[in-house]
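Below: the structure, in structure tokens.
No lab work stands behind these numbers, since they all come straight from the coordinates. Just so it is clear, the model here is predicted, and its values are computed rather than measured. Positions of Cβ are generated from backbone atoms using ideal geometry, with glycine treated the same way; all protein chains shown enter the neighbour counts.
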Amino acid sequence: MNKFSKIGFVLAMAGSAVGLGNAWKFPTMVGNNGGSAFIVLYLVLTFGIAFVAFLAELSIGKLGETDPVHSLYKLAPKHKKQWSLAGFFMIGAVLIASFYMVVIGWIVKYIYISFSSLPSDTTQSGAIFESLLFSEALNSILCFTLVFIIVFYVVSKGIKSGIERLNVWMMPTLFILLLVMFFYSLSMGDGFLKAVSFLFVPDFSKITPEIVLQALGLAFFSLSMGVCVVPTYAASLPDGTNLVKSTLSIIFINILIGIMMGLVVFTFVFAYSGDTTQGGPGLIFVSLTTLFAKLGVAGNVLAVAFFTSLLFAGITSAVSMIEPFAFYLINKFGFTRKKALVMIAVFVYILGIFCVLSYYKPTSENFVFFNKPFFDVLDYLTSNIIMPLAAITFSIFVGFVLKKEGLFILFSTFMSKNLFEIWYFMLRFVVPVAVFAIMLYQILK
Ligand code: PHE
């Protein structure tokens, strides 16, 4: 059987979770929204809600043991066809892959820049980033194509010799690179201490209802939930895997890497009095590169290490976005893995090019939908509509449609009866309401 090994599953799932989101979403949100107060909030939501829903997604994959559409079909006692349609939320993963790989492409370009001379001030650095986005479509497409080839090549090798193998060396390497950066940051004394206080000094006054909803959205995105990645990987779980312990390890790795990234990034920002309010890609691509430039050759080395760790984080997430739909096409139409992947690849490639062209000045006007560049439309549609809708559907399916006894048998070896009852209650009544609240907030804001 083409199944993960136990450690392979944890690494692959953690590889999916740890991604570009950890590099800029998590650190900037922590820094700007109350430091450790936000971290406490994020932990409460991660364990109280995301963890509960994650176990539900896992159980669909583990009990169904096939792709999400067929698993739902198999497990639903009635209305099989209708329930199986929820499996098509996996298309969300393919849509995310299209713009996500464009961003990984920018990272490739920055690895290249890191080998030569880094921009020495933010004006110059901002100009490089803007030029890549708005005027160098060909470069963006080239880098995107390279990432695209790597990702599809890995998925073409399958779960065990492709996805597991990639994660088993990329995740530890990513961690070592990050450790090197972390120790370097430690040696920067003052900057490191300021970063620690920026990230950890709690300010509970910053926690508003809006921040609560944002934190919940981040918890879902960052654990790769709602687009069928979790049930797909869970279908290849080896028997006897402790579902609860594995999930906790995945969550732990995800948070640890987010915090380490945050400490590294903000140490540099503070050591060179950079701008902490600059968030998102600007923080990484614009501020950080100029800060590295101040260190001479050591800066080049650190920049290569940093962008390579981001590249690895991105690639291991991107492969997880392609697998669900590929698995479905193979099961449904009896396609070979190659044929299924060629079909998905054509689709992803075209959408990816559209994303690039929607930023490229000469063509951007033709790629505006609902007043947004196509790139942003895909981002909005997936994070704010598809992911939460799917999370609600899956928690209702597992909480109300699946038989409670079957779930208890699945989980009884890993949790006590009381814990199971708490989980089951949260799944039925807390998760759907909480996620519905985020969704409404995202749409109405
Ligand atoms: N969790 C990934 C990140 O933080 C993104 C992702 C979303 C991956 C959905 C797979 C599916 O970057």
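Annotations for the structure displayed:
- Measuring r between the beta carbons of Ile176 and Lys80 and using R0 = 56 Å, the FRET efficiency lands at 0.75.
- Two-site FRET efficiency, Leu256 against Lys294, from Cβ-Cβ distance with R₀ of 22 Å, rounded to 0.05: 0.20
- For Lys417, a cut-off of 14 angstrom between C-alpha atoms picks up these aspartates and glutamates, skipping any fewer than 8 places away in its own chain: Glu405.
- Net charge in the neighbourhood of Thr247 (other residues with Cβ under 15 Å of its Cβ; Lys, Arg +1, Asp, Glu -1) is +2.
- Taking label points 7 Å from Cα along the Cα-to-Cβ direction, Ser131 and Phe414 give a separation of 5.1 nm.
- Evaluated with a Cβ-only charge set (Lys, Arg +1; Asp, Glu -1), the chain carries a dipole of roughly 1340 debye about its Cα centre, given to the nearest 20.
- Only lysines eight or more places from Lys25 in sequence, or on another chain, were considered; those with a Cα closer than 20 Å are Lys194, Lys206, Lys445.
- Helical content of the chain, expressed as a calculated mean residue ellipticity at 222 nm, amounts to -22500 deg cm²/dmol (DSSP H runs of 4 or more residues, -39,500 (n - 2.57) each, divided by residue number, nearest 500).
- Candidates Trp106, Trp169, Trp423: whichever shows maximal mean-square fluctuation once the chain is modelled as a Gaussian network with Cα springs under 10 Å: Trp169
- Cα long-axis angle, helix 122-134 against the chain (0 to 90 degrees, to the nearest 10): 50
- Summarising the label geometry, the points placed 7 Å from Cα in the beta-carbon direction at Phe47 and Ile385 lie 3.6 nm from one another.
- For Lys339, a cut-off of 24 angstrom between C-alpha atoms picks up these lysines, skipping any fewer than 8 places away in its own chain: Lys3, Lys157, Lys160.
- A Förster distance of 35 Å, applied to the separation of the beta-carbon atoms of Thr123 and Leu146, puts the FRET efficiency at 0.75.
- Max mean-square fluctuation residue, GNM over the chain, Cα-Cα springs under 10 Å, options Val103, Val151, Val430: Val430
- Ranked by how many other beta carbons lie within 10 Å on average, peptides 222-235, 179-192 from highest: 222-235, 179-192
- Cβ-defined net charge surrounding Ala56, 12 Å radius [Lys, Arg +1; Asp, Glu -1]: +1
- Label-point separation, Val301 to Ile422 (7 Å along Cα→Cβ), nm: 4.8
- Whole-angstrom gap from the range 427-445 to the range 293-369, using each part's C-alpha centre: 29
- Taking Cβ atoms as reference points and 10 Å as the exclusive limit, the residues near Phe9 contribute a net charge of +1, counting Lys and Arg as +1 and Asp and Glu as -1.
- Protection proxy ranking, peptides 241-251, 350-360, average beta carbon neighbours within 10 Å, highest first: 350-360, 241-251
- Fully extending the segment from Ser205 to Glu405 would add 67.6 nm, taking 0.36 nm per residue of separation and subtracting the current Cα-Cα distance.
- Straightening the chain between Phe347 and Ser5 buys 120.0 nm, computed as 0.36 nm per residue apart minus the Cα-Cα spacing.
- Burial ranking of peptide ranges 323-336, 25-38, 123-136 (average Cβ count within 10 Å, highest at the top): 25-38, 323-336, 123-136
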